[in-house]
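The values are calculated or read from the model by the stated rules, or taken from the named source; none is laboratory data. Given the structure is predicted, the values throughout are model-derived calculations rather than measurements. Cβ: placed from backbone, ideal geometry, glycine included. Neighbour counts: every protein chain shown.
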């Protein structure tokens, strides 16, 4: 996590400088960015620990409850309208995730940790729409927030005596992962700025679907009927959110 975050910070800083964005932030914005960075760092930490107690599919399913958390939180905390289409998307997405997870059992600790990761990531997503730091250019916001996340992960790594990737293939893979995660983070933040946290979170649920499809295409992974139905339900939930937005914009 430390190496991937470092790549994201360096990439965002380079993009901000090339775009001639000012790196100056106000104290209030800095506190907001700190919240975003810590919530992102906690998400990765909680999810990675949860993987030690739960099957990966089950832990990932619990983590990807965050779009539903975002949607409900936006309605309760910021009075965003919770339409029947959104409620339907929440129900359909949860059903799709259950099918995609393949089921699984594990310790209560693992369930709690994975569920908490969905809450911390929901906080990060919401913070990308609400708060003073969102007036900053996307690259600057990502640079600072992920910088705080990098500091958090570095402290955790030192405190737990984590082993950093050695020069060679492991380090190259970590750098490649950092480049992809950094690009995804910038695109997500930009998307939230345009369509809002709730819609962006649901569209981001395509991640487990695309992962499954790529595994089938590249590694000849066999997609079961249950997993295929799960993919279909997740796609339906994204479609429901999209149609709901189009209906809202046409009114």
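Which condition number in (1) assigned to a helix (DSSP H, G or I); (2) surrounded by 15 or more Cβ atoms within 10 Å (Cβ to Cβ); (3) under 21 Å from the mean Cα position of the chain (by Cα); (4) in contact (Cβ under 8 Å) with a residue 12 or more places away in the chain is the one that residue 88 fails?
(3)
Could you tell me whether residue 61 is assigned to a helix (DSSP H, G or I), surrounded by 17 or more Cβ atoms within 10 Å (Cβ to Cβ), in contact with a helix residue (DSSP H, G or I) (Cβ under 6 Å, 6 or more places away or on another chain) and modelled with pLDDT under 90? Can you show your working first?
Details: assigned to a helix (DSSP H, G or I): yes; surrounded by 17 or more Cβ atoms within 10 Å (Cβ to Cβ): yes; in contact with a helix residue (DSSP H, G or I) (Cβ under 6 Å, 6 or more places away or on another chain): yes; modelled with pLDDT under 90: yes.
Yes; evaluated as a whole, the condition is true for this residue.
How many residues, within the range 200-247, are within 21 Å of residue 83 (Cα to Cα) and touching a helix residue (DSSP H, G or I) at 6+ places or on another chain (Cβ under 9 Å)?
20
Given (1) crowded, with 19+ Cβ neighbours inside 10 Å; (2) touching a residue at least 60 places away in the same chain (Cβ under 8 Å); (3) farther than 30 Å from residue 52 by Cα, identify the lone condition not met by residue 93.
Residue 93 satisfies every listed condition except (3).
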